[in-house]
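Taking it in order: structure first as structure tokens, then the write-up.
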Amino acid sequence: MLELPKNRRTPVTPQMSVRVAILGGIALVLFAVVFFRLWYLQILSGDKYLAQANDNRIRDVAVAAPRGAIVDRNGTTLVDNRVAIAAQIEPRRLPAEGPEREALYRRLGAVIKMTPARIAEEVKSQTAVLPYANVTVKADVSRSIYQYLVERQAQFPGVTVERVFLRSYPYHELAAHLFGMVGQLSEADQKSAAFRGVKGGTIVGKDGLEYTYDRYLRGKSGASRIQVDSMGNPKGQVTVRPPVRGQRLKLSIDLGLEQAGQEAMASAGGIPITDGVKNRGGAFVAMDPRNGEILAMGSYPSFDPNLFAKPIETSVYNRLNSEEAGSPLLNRAIASVYPSGSTFKLVTATAALESGAISAAAIVSDPGAIQIGNITFENSGKLANGPIDLRTALKVSSDVYFYRLGAQLDGYKGEPLQSWASRFGLGSRTGIDLPGEAAGTVPSPQWRNDLFKQKLTDRPWSIGDNVNMSVGQGDLQVTPLQIATAYSALVNHGKVVTPHVGLEVEDSLGRSLQRIEPGVTRRIAIQEGTRTAILEGLKRAAGEAGGTSADVFRGFPYTVYGKTGTAERPGQADQSWYVAYVDDPSRPIVVAVTVEQGGFGAETAAPAVRLILSQWFGVKGKLVRGSSATR
């Protein structure tokens with residue numbers, strides 16, 4: 001029987017069979033891969049992913065740790081924490097965005113004295129950083145506000161009041177520039193190596209010792225573990241890990257001496273501590289010359305770091321930075337640079353003696369004025385001292401004597417004046433454990449000539465530059481700390497110490513955990529004859545009739561080696577300087593004081609130094625001012 005054409009099937013070719021087999025094999029392999037992957041995920045790795053899924057339901061909310069205390073060398077607490085009441089908002093309990101939430105912000109703002117817009121901004125910014133934590137809108141509210149909010153919870157949905165720790169500085173303006181300030185970690189801070197790994201919103205040190213030793217003081221944050229649903233909404237607290245308080249920092253500072261320094265600065269300037277200060281700032285440094293321990297340090301005018309324990313108003317911050325208020329935030333002890341006046345004669349004398357330009361016994365005529373080139377350089381009041389040697393020149397602070405040395409050393413091989421200034425540490429940072437230290441400037445021919453080539457000054461180097469520098473004038477710029485360190489190097493037989501404020505890291509019971517080691521000490525070679533001659537001149541200046549500060553230290557029961565300085569600053573009254581050293585076997589000390597627009601060194605700075613030394617050695621006395629006829 002014949003098959004009809006329409007029912008006839010096309011035979012499958014061998015090539016088609018191979019293709020179908022290949023496609024079938026590929027499909028089988030793909031299904032096998034999917035099967036084994038599902039088997040791996042569900043059977044072999046099921047427990048792992050189940051744990052991760054559970055973890056996805058948990059959020060850690062940081063609990064701030066109280067910062068460690070800061071104590072002085074005798075264990076007296078200088079910085080601690082206090083408990084405050086913070087007005088906070090729980091974002092998850094807020095009404096929906098719209099009129100109801102805006103009305104809540106208005107009611108809350110009227111109570112805590114904040115604008116609704118500011119509250120909304122705080123909620124937005126803090127939630128972005130810590131999405132599951134309460135938002136602190138005001139860190140320190142009064143007891144009456146606390147009671148008002150607690151009693152009216154229905155009117156303030158989502159608003160709560162909690163106890164928080166705020167940094168406390170019980171002595172207010174005392175040593176404020178040493179302690180610095182704290183604040184919330186910002187996005188810019190997170191990029192710093194000092195805060196690597198620290199979570200946003202953490203309270204960290206922003207300046208001063210709070211910044212330098214933040215890793216010890218900060219402590220370890222705790223955490224509340226919050227369970228959330230699939231949408232990220234909190235469902236309840238699971239566990240709490242308590243925070244660990246920061247470690248205690250022990251300083252080399254002596255509280256009594258620090259207080260005396262601040263009082264001396266106010267007395268020396270003739271301005272009560274409680275009054276405002278305009279254009280008459282200053283600084284003091286007291287250090288142990290043997291090891292660089294800072295016994296006291298302060299800048300005037302000061303500020304109250306308690307202002308920074310909570311968010312500070314922009315207007316207040318701007319006022320603290322303003323020149324009209326005396327720039328209270330500026331740490332003049334380490335960050336302000338000035339011409340040093342005659343206190344620099346220590347360097348000039350060393351450079352001249354060590355280079356062989358003059359001997360200590362050589363007699364030089366001081367007629368009261370000297371002409372170098374086409375310029376006449378004069379002593380203060382054109383006072384003529386007659387024939388004098390180095391010791392007498394230091395005693396009476398003869399400018400003419402040192403002008404001659406400055407001219408003689410200009411062009412001298414090795415530039416002794418600049419070289420010795422650098423060896424003593426001028427023109428470079430001392431390495432103190434505080435941020436913001438300035439390097440200053442030691443002018444040299446190359447330095448000025450380079451500026452001239454760049455058209456940054458009107459002339460190249462001249463002999464007059466060296467003459468001015470020899471008495472601490474001209475382009476010389478130093479900090480009070482650098483001057484104190486230079487004098488310490490002389491009395492230390494050439495040992496240049498690294499100043500430091502931190503001594504030890506301790507636990508809460510005061511047990512030492514780590515000794516803080518200062519930077520490397522270096523030595524400069526000073527002949528004993530040079531050292532002896534200069535110290536003799538400084539001793540006569542403070543203790544012999546006719547010495548520049550003899551009136552100030554008359555009757556003081558300890559031998560004082562001291563040097564006055566009066567620095568000229570364009571557009572301002574003269575700046576007063578004084579540096580002193582007392583060689584006590586167990587309590588040696590170097591003190592440097594400067595007062596902007598304070599006049600002659602013996603009038604203002606020297607009396608302040610005497611008050612500081614009186615505190616250190618337990619000497620009773622009153623403020624004694626020197627003569628205005630001596631610089």
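The values are calculated or read from the model by the stated rules, or taken from the named source; none is laboratory data. This structure is a prediction, so every number in the text was calculated from the model and none was measured. We place every Cβ from the backbone using ideal geometry, glycine too, and count neighbours over all the protein chains shown.
Since Val141 meets every condition but one in (1) closer than 23 Å to Phe308 by Cα; (2) surrounded by fewer than 18 Cβ atoms within 10 Å (Cβ to Cβ), which condition does it not meet?
Val141 satisfies every listed condition except (2).
Can you name the condition, by its number, that Ala407 falls short on among (1) touching a residue at least 40 places away in the same chain (Cβ under 8 Å); (2) crowded, with 21+ Cβ neighbours inside 10 Å?
Among (1) touching a residue at least 40 places away in the same chain (Cβ under 8 Å); (2) crowded, with 21+ Cβ neighbours inside 10 Å, the lone unmet condition for Ala407 is (2).
So, of the residues in segment 505-535 that are assigned to a loop (DSSP other than H, G, I, E, B) and of a type in the set (S, T, N, Q), which turns out to be nearest to Ile70 (Cα to Cα)?
Looking at residues that are assigned to a loop (DSSP other than H, G, I, E, B) and of a type in the set (S, T, N, Q), I get Ser508.
Going by the conditions given, is Ser336 of a type outside the set (A, V, I, L, M, F, W, C), outside any helix (DSSP H, G or I), touching a residue at least 60 places away in the same chain (Cβ under 8 Å) and surrounded by 18 or more Cβ atoms within 10 Å (Cβ to Cβ)?
So Ser336 fits the description; yes.
Within segment 328-339, can one find any residue that is at pLDDT below 95 and more than 30 Å from Ser428 (Cβ to Cβ)?
No, segment 328-339 has no match at all.
Given Glu187, Glu173, which one is touching a residue at least 60 places away in the same chain (Cβ under 8 Å), more than 15 Å from Lys310 (Cα to Cα), surrounded by fewer than 21 Cβ atoms within 10 Å (Cβ to Cβ) and not β-branched (Val, Ile, Thr)?
Exactly one residue qualifies, and that residue is Glu173.
Please determine whether any residue of segment 462-469 is touching a His at 6+ places or on another chain (Cβ under 7 Å), in contact (Cβ under 8 Å) with a residue 12 or more places away in the chain and of a type outside the set (Lys, Arg).
Taking every residue of segment 462-469 in turn, none turns out to be touching a His at 6+ places or on another chain (Cβ under 7 Å), in contact (Cβ under 8 Å) with a residue 12 or more places away in the chain and of a type outside the set (Lys, Arg).
What number of residues in segment 417-458 are buried (at least 21 other Cβ atoms within 10 Å of the Cβ) and part of a helix (DSSP H, G or I)?
5
Within segment 280-300, how many residues are closer than 25 Å to Gly599 by Cα and either part of a strand (DSSP E or B) or free of Cβ contacts under 8 Å to residues at least 40 places away in the same chain (or both)?
Residues that pass the stated criteria total 11.
Consider only pairs whose beta carbons are under 7 Å apart and that are at least six residues apart or on different chains; among these, list those whose first residue lies in segment 536-565 and is part of a loop (DSSP other than H, G, I, E, B) and whose second residue is at pLDDT below 95 and among the hydroxyl-bearing types (Ser, Thr, Tyr).
Thr548/Thr630; Asp551/Ser627
If a residue has to be within 15 Å of the chain's Cα centre (by Cα), surrounded by 17 or more Cβ atoms within 10 Å (Cβ to Cβ) and outside any strand (DSSP E or B) to count, how many in segment 190-216 make the cut?
7
Looking only at segment 466-489, count how many residues are crowded, with 24+ Cβ neighbours inside 10 Å and either out of contact with any Pro (no Cβ under 9 Å at 6 or more places or on another chain) or assigned to a loop (DSSP other than H, G, I, E, B) (or both).
10
Among the residues in segment 95-113, are any under 34 Å from the mean Cα position of the chain (by Cα), at pLDDT 85 or above and crowded, with 16+ Cβ neighbours inside 10 Å?
Yes, the conditions are met somewhere in segment 95-113.
Return the only residue of Gly414, Gly368, Gly381 being over 18 Å from Leu490 (Cβ atoms), surrounded by fewer than 20 Cβ atoms within 10 Å (Cβ to Cβ) and either without any contact (Cβ under 8 Å) to a residue 40 or more places away in the chain or of a type in the set (Lys, Arg) (or both).
Every option except Gly368 fails the conditions.
Yes or no: Gln572 surrounded by fewer than 15 Cβ atoms within 10 Å (Cβ to Cβ), within 21 Å of Thr485 (Cα to Cα) and in contact (Cβ under 8 Å) with a residue 60 or more places away in the chain?
Taking the combined requirement at face value, the residue does not satisfy it.
Only one of these is closer than 29 Å to Ala283 by Cβ and part of a strand (DSSP E or B): Phe377, Phe344. Name it.
Phe377
Determine, yes or no, whether Arg245 is in the same structural domain as Ile70 (by TED's automatic domain parsing), surrounded by fewer than 17 Cβ atoms within 10 Å (Cβ to Cβ), among the basic types (Lys, Arg) and at pLDDT below 95.
no
With the requirement that a residue be polar (S, T, N, Q) and either closer than 21 Å to Thr430 by Cα or at pLDDT below 90 (or both), what does segment 248-299 give you?
Matches in segment 248-299: Ser252, Ser267, Thr274, Asn279, Asn291, Ser299.
Within the bounds of segment 221-241, is there any residue that is at pLDDT 80 or above, buried (at least 16 other Cβ atoms within 10 Å of the Cβ) and more than 19 Å from the chain's Cα centre (by Cα)?
Scanning segment 221-241 turns up no residue that is at pLDDT 80 or above, buried (at least 16 other Cβ atoms within 10 Å of the Cβ) and more than 19 Å from the chain's Cα centre (by Cα).
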